[in-house]
Amino acid sequence: MELDIIQAIELAIAHELEARKSYLALAEEADDPELKRLLQEIAQEEAGHEASLRSRLRLYEQKRFLRDTLSRYLSPEMCQEILNNPESLQLGGQRRQLSVLFADIIGFTTMSEKMDPGDVVAVLNEYFSRMVEVVFEHQGTLDKFLGDGMMVFFGAPLEVPQAAAQAVSCALDMHRCLAQMRAQNLTPIQGMRIGINTGEALVGNIGSEKRMDFTIIGDVVNVAARLLEVAKDIDARIIISESTFREVEGRFPTEPAPSVVLRGRQVPTVSYQVRV
């Protein structure tokens, strides 16, 4: 329907162009100077109207492109807030305090080996659809899917109050959502693991002129990914960093997890397990 309307507008613009050409042609043929001037003025008005229509249509298409792009990463509410207040969206090389969440499926490789590839895709699509809904409910931003996993962050492109608490609350609700799906026989997935870290990251459009992605880079991302590995090693459902724990202490049921030396580091990292 939307495409049909745009095509109708483009057709109207084309008619404006043809009408302008017709008025100019008639002006060339007119012998009466007054009539010639009138036709030229009408042609000029048509040109202005055509330019205005093209400009407004171009602005609409740019806004629609932005909306469609943002909807891949953000909830509809956050998309609308950015569209209503574009000055709130500052992209490129901006440092932010964020919470980063990595999640993946327990035993996915073993499960997928026993399934038809088409069924595996269907299972993942259903799972990710539900999980992204939960992420958006907590004002999270979907960064990317990673095979059977996903990376999410809280605190950009718009600032999120208590981003660390939103991240942990999101992780708990993701587990509850999966439990509901299993209770309703909607998925063969048995469980998931999640790692969360909080810290400073560089936020912006990263890539080339032809292909760019809105993402974050920094050590906070690497540590969150390593904490997911810790969750696998100790068979935990949610592992958070010490920096995240300091932000949410007393708000969620937690217990100390073993200090571990993350890959690429020498100093042990303190982590905590959130009880599900």
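Of all the listed residues (E247, E200, E229), the sole one being surrounded by fewer than 24 Cβ atoms within 10 Å (Cβ to Cβ), in a strand (DSSP E or B), at pLDDT 90 or above and acidic (D, E) is E200. When you check R182 against the structure, is it closer than 17 Å to D104 by Cβ, in the same structural domain as K144 (by TED's automatic domain parsing) and surrounded by fewer than 15 Cβ atoms within 10 Å (Cβ to Cβ), yes or no? Considered against the rule, which asks whether it is closer than 17 Å to D104 by Cβ, in the same structural domain as K144 (by TED's automatic domain parsing) and surrounded by fewer than 15 Cβ atoms within 10 Å (Cβ to Cβ), R182 comes out as yes.
Applying the condition of being hydroxyl-bearing (S, T, Y) and farther than 19 Å from V203 by Cα to region 118-160 and asking which residue is surrounded by the fewest Cβ atoms within 10 Å (Cβ to Cβ) yields S129. Restricting region 98-117 to residues that are in a helix (DSSP H, G or I) and polar (S, T, N, Q), the residue that is surrounded by the most Cβ atoms within 10 Å (Cβ to Cβ) is S112.
The values are calculated or read from the model by the stated rules, or taken from the named source; none is laboratory data. None of these values were measured; they are calculated from a predicted model. Cβ coordinates were reconstructed from backbone atoms using ideal geometry, including for glycine residues, and neighbour counts include every protein chain displayed.
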